[in-house]
Each structure stands twice: as structure tokens, then as C-alpha cells.
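Below is one structure, written out as C-alpha cells, with a few remarks after it.
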Amino acid sequence: MTTLRDTTTLADTRERPPIERYQGLRMFMANKAAVLGAILLGVILIISYILPLFITTDKLAYVASRHTPPLTEGGPILGTDYLGRDVALIVMHGGSTTLEVAGFAALLIIFVGATIGAFAGYYGGMVDRVLMKVTEFFQVLPGLLFALVVVALFGASTATIVIAIGIVSWPPIARQTRSEFMKQKGLEYVKAAKAIGASNARIILRTILPNTFPILIVQSTLTMGAAILFEAGLAFLGLGDPNNLSWGYYVGLNRQYFLTNWWAVSIPGFMVFLTVLSLSLIGDGLQDAINPKLRGR
Amino acid sequence: MDQPLLSVRNLTVKFGEFKAIDGLSFDLYPGKTLAVVGESGSGKSVTALSIMRLVELGTRAKVAEGEVLLRRDDGSTIDLLKQSERAMRSIRGNDISMVFQEPLTSLNPVYTTGDQVIETIRQHRKTTRRDAAKRALEMFEKVRIPRPDKVMQDYPHQLSGGMRQRVMIAMALSCDPRLLIADEPTTALDVTIQAQMLGLMKSLQQETGAAVMLITHDMGVVAEVADDMVVMRNSKFVESGSVYDIFEKPGAAYTRALLASVPRLGSMKGKTEPERFDLVDREGM
């Protein structure tokens, strides 16, 4: 074994090809639909957050006679609603409400779902059985109805809406995280971490959780889309925060005038559609970028 | 002779009613290499995992009886089977480390190799990240990783199997354990890398003075690196002794059969094509 050093250094002295640091980004960019989704979301974010900074007029002010159609001479570009308010202005301001409610709800869903899924999947046995029964309980609740009850009971503030959406939407994330944890915990690197003296908390948080990020990241974009639809549904039924007109709430307000005033309903509705579409396109792109096995399907 | 570092006494591990290990006893002396030999399913890996107290992890296995006595630095002994999980955590990696069979899957894919070794050091030693990084670099050099500073920044998938096994060994030895358990560390590697790894482990053992418990089914590996050996079959102890004695005069029929399963140099002389081994008569063993 005197030649040990020589033989070992021989084996790996050749330069390896430089590693692709931005391979994921490239895969994402290769998916044209995903790029479209990202651009779309960018435009929606600009409309919702940047443009309102430059407009100082009161969004709720009377600007032209009621039910002025879009592109009318002298009227606002997207017409007025049943109170003569500028549809374009209200839709623009409504974006941030919708996106914030959905964003916080998605965060809550991921946090609760991932935590419960991680515990159930990692510990297994009794912990798993109890947590999964709880998950099933929430899964069989009729989601919209339960959320309606929560909001009706505790008042239609942004916080209660976020919590209501969160409570009924976390089970799928919990199940997915659980199955991922069950899969990962049997792998050798987890056993190796254990053999090196890592605690359970450490293994859950630092060893396994980062390995579930690919799935959680993709899921969070899709969850956010679902949360937007949920918020729109609740708001449409009148359970939105009346102080912050979200798109769904605005659709609901205008729905009885739909036959004479289609634009005040369609335009915010279309914005919801575009936002959810952009998020799910991004989700698809991320899936491609993160999960090489699905590439080139 | 020295006091044994690790004494396994009458260890019995059950999977439900089935006994995966049935009354196993052996001693492991400081600075020596003990090979645990046996065919697949004979209980070698379960023995290793029982010593680490990892056997009950995610399986139905239960350590039914026995003692695993570890001698501490001050000369006292503790029974690992009676330690709390918290105490075991400080023993794992610190006093006893383990290297697994599959270097391809035993590193965490989402962290760089350097990070993983640094984290291991920081779990057991109160040091700054900078000092731990210095120590990790030393360990990478010690296991003869070329360009260690570069490899520390690589993710496991960027390394070959042999390199990953070196990283595993560096990680296992980073806190100066007195016992290294190697569960078939060379099985997943090709033959040339196997020889390198065995040589590496042997010289590391001389440098660090750690005892090694080597689990293998490869008699060639045993002859190469081990001082003593324990033969297991069907969950039971067959025989133990120094490698020299057993290779010279195997006491049990099964050991003879195991040794006979390795072709002898020159036995194929004059033959033009490969032949079947003689099937060993297992009756009466």
C-alpha cells in the first residue's frame, strides 16, 4: 500500500467539465408556456402594485354616468359600473387584495400542511394514524361551506378569510409531504445522518425537508392559484372584506347588472382567470426545471 | 492483552418472533480490525445497527436481550443498550461512527459535501464554522481526496462512487471516533476502487488508532485487512478467532465452506474456460 497516494490522485486529476449552475433556469426558460406565465404574472403584479402608486384619484369616485361601456368617447377606458365608478381603477386596486389574501393563505396552507405531513411521515405509527385521521376529517369537510361558516362567524376581515381558506385547503399538502417524508426517511442518507448523531428535529428540518422542497415549491404555486379561486368564490358570495374590494367581491357586486353591464363583471373575472393561469403555467415550468424525470415529456 | 473496547454479550434481536441475531457474543480490541463475516441475511448488518441502536428505526426489530459494553476513555464501561436516546446521540459520530454500503445514496443530495462534514463536526464539537471548515479540509486531505478545497464545494452527484465513499469516511472520522463500523463499505465499488478504499481504511486506522468493525462477505477483504474475525450464519455465532488461525485451521464446517467458496490462485490452471465451483455439501454443518 505504499503506492496508495499515487493511485488515488491519479484517479481524479482530470478536470471535470464545469457544472451547469443555471441549468434549472434554462430548463424553465425552455418551457415557452412557463415563460409566458411568468411575464403574465409580472404584468399583473405591475398593474396591482406599481401603477396604483402613480394614480392619486379616489378609486371610488363618480367619474361618468352609470353603465358607460368601455371605450366610450369621454368615459373611462374600461367603462363604469352601476354607481358610475371607474372599472379600470377598481380592478387595478383590487389586485393587491386578491393577491395578498391568496398569498398569505398559500403560505398558511404550506406551513400547516408541511408541518403535519412531516410529523406524520417521519414518526409513523401512532402519530401518523392520529394526524392522518385529523387530516381526513378536514378533507371530508365541504370546503367552501366550512369556510363560509368560519367567515360568517368571525367576520369578514382579511385575517379570517386567510385562515378560513387555510383551514380547508391544507390536507392535500399534508398528504403529499407525508408521502415524501415516508419515502425519504427510508433512504440511506437519513440513516447516515442518524448514525452521525443527528436529532429527530434536525433530521426533519435540515436533512429531509430540503429534499421535499422541489415538490413543495411546485405545490405552492398551484396552491396559490387554488387560493385565488377560493378567495374569489368567497368574495363573490359577499364574504370578502368590504373595505378592500377584491376581484371576486367586485364580480359579486356587479353580478345583478350583468345583462346591461357585462364589462364590470367580465373584466375582474378575466383578471382572476389570467392570474390563476399564469400561476399554473409557472408551476408547470418549475416542475420541468426541478424534476428532471418529467423533462421532455 | 488489552481490555476490549467493545464487548457484545449474548445479543439477541427479534423481528417479531423471528430471531435475526441469536445470542451473539464477541470482543473488539482497540486499534484492531474485526471482520464480521457471513452470507446475506446472516445478521451482520443487524449486529452493526444494534450496536448503534439504530436497528429499531423504522422496523419491527427489537433488541430482546444482551449487553453491548463500550469502554470509555476513563476505563469505565457503559451498556449501549441501556443508554437514553439523548446519550446515544452524543455517542454516535463521536465515539462510534458508521460507514454504509451505498456511497451513492448515503450523502444528502441537497448539501455540498463540505457542508455535510462541517455540520457533522459542529454537532459534536463546540467550534466556529471557520474552525470546523478547517477541520473538514484536513479530513478531506486525510482520506486522500485530490483538490479537497474544490471537492468540498461539490454536491454528491458530482462525485464518483469512490470519492463519495471517501467523503463518508471523512465524515465518519471527523470527530475522532474510537470505533468505526463499516457495513460492506466496498461492496458497491468496483474492484480497483475497493483495493484503494481498503488500503485507505487501513492506513487511516494506523494514523488514528481507531478500532474498525468491518462487515463483509468477501473473504479476500478479510484476509487483506482484518486482525480478528467472527463468522455468522443464520443469525447465529459460528466461530471467532484471529484471521490467521481461522484461515489456517477453520474450526467449523461452515467456515471451511465459506473459505472454499473463494477460488484459489492456480486452481484454474490448464483449463480453457470457466467452470462451476464445487457445490459445498451443506448437510451436517
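The values are calculated or read from the model by the stated rules, or taken from the named source; none is laboratory data. Just so we're clear, the structure is a prediction, and the values are computed from it rather than from any experiment. As a convention, Cβ positions derive from the backbone with ideal geometry for all residues, glycine included, and neighbour counts pool all protein chains shown. Protein only, heavy atoms only, side chains kept; ligands, DNA and RNA dropped before computing areas. Shrake-Rupley method; radii C 1.70, N 1.55, O 1.52, S 1.80 Å.
Just a few scattered comments:
- Looking at the range A:139-241, the helices (runs of 4 or more DSSP H) lying wholly inside it that each contain 1 or more residues that are among the polar types (S, T, N, Q) sit at A:158-169, A:171-185, A:209-236.
- Residue ID - surrounded by the fewest Cβ atoms within 10 Å (Cβ to Cβ), chosen from residues in the range B:50-78 that are in contact (Cβ under 8 Å) with a residue 60 or more places away in the chain and within 14 Å of chain A (Cβ to nearest Cβ): B:Ile51
- Evaluating B:Met139 against the criteria (1) in contact (Cβ under 8 Å) with a residue 40 or more places away in the chain; (2) open to solvent by less than 10 Å² (accessible area, probe 1.4 Å); (3) not basic (Lys, Arg) leaves one unmet condition, (1).
- A:Gly252 being free of Cβ contacts under 8 Å to residues at least 24 places away in the same chain, in contact with a Gly (Cβ under 8 Å, 6 or more places away or on another chain) and not polar (S, T, N, Q): yes
- The range B:166-216 - residue that is β-branched (Val, Ile, Thr) and open to solvent by 40 Å² or more (accessible area, probe 1.4 Å) and, of those, nearest to B:Arg125 (Cα to Cα): B:Thr208
- The combined condition, being over 11 Å from the mean Cα position of the chain (by Cα) and under 25 Å from B:Leu259 (Cβ atoms), is fulfilled by B:Met197.
- Among the residues making up the range B:177-186, a single one is away from every other protein chain (no Cβ under 13 Å) and either at positive phi or not charged (D, E, K, R) (or both): B:Thr186.
- Enumeration of residues in the range B:125-134 that are part of a helix (DSSP H, G or I), surrounded by fewer than 20 Cβ atoms within 10 Å (Cβ to Cβ) and touching a residue at least 12 places away in the same chain (Cβ under 8 Å): B:Ala133
- Residues that are touching a Gly at 6+ places or on another chain (Cβ under 8 Å) and surrounded by fewer than 20 Cβ atoms within 10 Å (Cβ to Cβ), drawn from the range A:105-130: A:Leu108, A:Val112, A:Gly124, A:Asp128
- Among the residues of the range A:69-104, those identified as assigned to a helix (DSSP H, G or I) and open to solvent by 30 Å² or more (accessible area, probe 1.4 Å) are A:His93, A:Glu100, A:Phe104.
- Every residue from the range A:39-54 that is over 19 Å from A:Asn244 (Cβ atoms) and either in contact (Cβ under 8 Å) with a residue 12 or more places away in the chain or among the aliphatic types (A, V, I, L, M) (or both): A:Ile39, A:Leu40, A:Leu41, A:Val43, A:Ile46
- Some residue of the range B:192-212 being away from chain A (no Cβ under 12 Å), of a type in the set (A, V, I, L, M, F, W, C) and without any contact (Cβ under 8 Å) to a residue 40 or more places away in the chain: no
- Among the residues of the range A:221-230, the ones that are in contact with a Ser or Thr (Cβ under 8 Å, 6 or more places away or on another chain) and modelled with pLDDT of 90 or more come to 6 in all.
- Selection count, the range A:131-165, where residues are within 30 Å of A:Ser199 (Cα to Cα) and buried (at least 17 other Cβ atoms within 10 Å of the Cβ): 3
- Tabulated pairs, the range A:75-96, first in contact (Cβ under 8 Å) with a residue 12 or more places away in the chain and closer than 14 Å to A:Trp263 by Cβ, second among the β-branched types (Val, Ile, Thr) and open to solvent by less than 20 Å² (accessible area, probe 1.4 Å), C-beta under 6 angstrom, 6+ apart or interchain: A:Gly75/A:Thr68; A:Leu78/A:Val87; A:Gly79/A:Thr68; A:Gly79/A:Val87; A:Thr80/A:Thr68; A:Asp81/A:Val87
- Filtering the range B:135-155 to residues that are closer than 29 Å to B:Val55 by Cα and outside any helix (DSSP H, G or I) leaves B:Val143, B:Tyr155.
Conditions (1) open to solvent by 60 Å² or more (accessible area, probe 1.4 Å); (2) on the phi < 0 side of the Ramachandran plot; (3) among the aromatic types (Phe, Trp, Tyr), marked per residue:
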| residue | (1), (2), (3) |
| --- | --- |
| A:Leu205 | yes, yes, no |
| A:Pro210 | no, yes, no |
| A:Ile228 | no, yes, no |
| A:Glu231 | no, yes, no |
| A:Ala235 | no, yes, no |
| A:Tyr250 | no, yes, yes |
| A:Ala264 | no, yes, no |
| A:Thr275 | no, yes, no |
| A:Leu286 | no, yes, no |
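- Taking the range B:30-45 as the range and being assigned to a loop (DSSP other than H, G, I, E, B) and either among the polar types (S, T, N, Q) or buried (at least 18 other Cβ atoms within 10 Å of the Cβ) (or both) as the test, the residues that pass are B:Lys32, B:Gly38, B:Ser40, B:Ser42, B:Gly43.
- Filtering the range B:117-137 to residues that are closer than 22 Å to B:Met197 by Cα and touching a Phe, Trp or Tyr at 6+ places or on another chain (Cβ under 9 Å) leaves only B:Val117.
- Evaluation of B:Pro146 against (1) open to solvent by less than 20 Å² (accessible area, probe 1.4 Å); (2) touching a residue at least 40 places away in the same chain (Cβ under 8 Å) (one fails), failing number: (2)
- Odd one out for A:Val218, checked against (1) farther than 24 Å from A:Thr160 by Cα; (2) at pLDDT 90 or above; (3) open to solvent by less than 40 Å² (accessible area, probe 1.4 Å): (2)
- Residue pairs whose Cβ atoms lie under 9 Å apart, sitting 6 or more positions apart in sequence or on different chains, and linking a residue in the range B:254-273 that is on the phi > 0 side of the Ramachandran plot and in contact (Cβ under 8 Å) with a residue 60 or more places away in the chain to a partner that is assigned to a loop (DSSP other than H, G, I, E, B) and open to solvent by less than 80 Å² (accessible area, probe 1.4 Å), do not occur here.
- Filtering the range B:91-112 to residues that are within 8 Å of chain A (Cβ to nearest Cβ), within 13 Å of the chain's Cα centre (by Cα) and open to solvent by less than 20 Å² (accessible area, probe 1.4 Å) leaves B:Ser97, B:Met98, B:Phe100.
- Pairs meeting the criteria (first residue in the range A:192-207 and at the interface with another protein chain (Cβ under 7 Å from one of its Cβ atoms), second residue open to solvent by less than 20 Å² (accessible area, probe 1.4 Å) and among the aromatic types (Phe, Trp, Tyr), beta carbons under 9 Å, at least 6 apart or on different chains) are A:Ala192/B:Phe100; A:Ala195/B:Phe100; A:Thr207/A:Tyr189.
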